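Every read-out reported here was derived from the displayed coordinates using simple, explicitly stated rules and does not represent laboratory data. Given the structure is predicted, the values throughout are model-derived calculations rather than measurements. Virtual Cβ from ideal backbone geometry, glycine too; neighbours counted across all protein chains shown.
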Amino acid sequence: LPVAGRAKAPPGPQRGRAGPRAAGAARRRKRAPEPSRNKATVKGRVVKSAIEEYHKKKPVNHLRENLQYMLKGRLVADKAVTEQVLAQNRGRKSKDQPPEKTQKKKPEGTVFTEEDFRKFEREYFGIP
């Protein structure tokens with residue numbers, strides 16, 4: 001009796017080692033690993049200039065080119081959109097946030113005139 005759960009595989013491509021693919025894979029597996037060179041030696045190493053490396057890794061500021069590109073176009077973005085973009089580019093830390101703009105209080109004008117002050121001085125202090 002056949003064991004339950006084990007049926008014969010349908011005829012056709014079978015999962016086995018037979019075939020051209022399997023032979024290539026076996027050859028690849030059998031190839032001996034190449035001796036890696038000793039990384040502790042200086043032989044074959046190219047000396048790099050520290051200044052060149054610094055200039056390669058130095059961050060580049062593209063602000064001027066981006067401004068030229070943005071100003072070249074005729075379409076002016078909506079102020080709300082520009083504010084949103086600036087807000088997205090800002091960091092989340094408090095040091096990255098711009099200071100909040102406070103409304104400047106207008107100096108309160110006085111109701112009294114110079115004449116009223118003179119009159120008050122005369123009445124209160126008795127100065128002519």
Strictly over 28 Å apart at the Cα level, which of Lys58/Lys79; Lys57/Lys95; Lys58/Lys95; Lys56/Lys79; Lys58/Lys93; Lys72/Lys101 would you flag in this model?
Lys58/Lys79; Lys56/Lys79; Lys72/Lys101
How big is the charge dipole of region 66-128 about its Cα centre, in debye rounded to the nearest 20, if each Lys and Arg gets +1 on its Cβ and each Asp and Glu gets -1 on its Cβ?
680
